[in-house]
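Note sheet for the following structure.
The values are calculated or read from the model by the stated rules, or taken from the named source; none is laboratory data. Just so you know, these numbers come straight off a predicted model, no measurement behind them. Ideal geometry is used to build each Cβ from the backbone, glycine not excepted, and the neighbour counts take in all protein chains shown.
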Amino acid sequence: MKVVRKGGFLISRIHQISGRIFSKKLKEYNIEINPGQGRILFALWEQDGISIRDLAKRTSLGKSTLSAMLKRMRNDGYLKIEHPVGNERKKLVYVLERSKEIEAGYQQISAEMNALYYKGFKNAEIDEFEAYLERLFTNLRKYSEEK
């Protein structure tokens with residue numbers, strides 16, 4: 001009998017329900033961004049002033065999707081986009097004060113989500129699980145870069 005693997009299906013379902021819970025928590029904290037915008041801010045909070053290319057890599061967002069989101073976030077006062085001195089082709093993205101004001105709440109939501117994800121897990125199980133996820137991500141990233 002053939003074994004049917006359902007890892008991709010489960011990941012998709014986890015992504016869906018996780019997104020709904022995360023969006024609900026954002027509303028509870030009165031944070032007016034969507035999870036995709038949060039991913040962008042999270043990357044910028046880790047390192048401010050990075051190029052759009054690096055930001056796309058860190059967030060796994062396509063360039064056109066990222067560009068549209070950055071434009072909206074710039075218009076909403078969350079970030080600014082500037083050319084470095086002497087390089088009109090490159091664009092660097094920086095967070096503004098409005099982004100910094102929601103960082104603590106966003107970090108709290110992330111901690112709550114992690115507690116929810118790993119409820120009942122031992123540290124060794126979390127480490128092993130995350131190592132498997134890293135391998136999955138690497139496999140998919142390599143494949144997407146080849147195509």
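Tabulated results
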item: Residue within the stretch 118-127 that is without any contact (Cβ under 8 Å) to a residue 12 or more places away in the chain, under 22 Å from SER23 (Cβ atoms) and surrounded by 13 or more Cβ atoms within 10 Å (Cβ to Cβ) present; result: yes
item: Check on LYS25, more than 21 Å from LEU133 (Cβ to Cβ), of a type in the set (Lys, Arg) and crowded, with 16+ Cβ neighbours inside 10 Å; result: yes
item: Candidates LEU66, LEU96, LEU61 - the one that is at pLDDT 95 or above and within 24 Å of SER23 (Cα to Cα); result: LEU96
item: Count of residues meeting criterion [under 15 Å from LEU92 (Cα atoms), in a helix (DSSP H, G or I) and not β-branched (Val, Ile, Thr)] in the stretch 33-68; result: 14
item: Selection from the stretch 69-93 of residues that are under 19 Å from SER23 (Cα atoms) and outside any helix (DSSP H, G or I); result: ASP76, TYR78
item: Residue, farthest from LEU55 (Cα to Cα), within the stretch 99-147, restricted to residues that are among the basic types (Lys, Arg) and at pLDDT below 95; result: LYS147
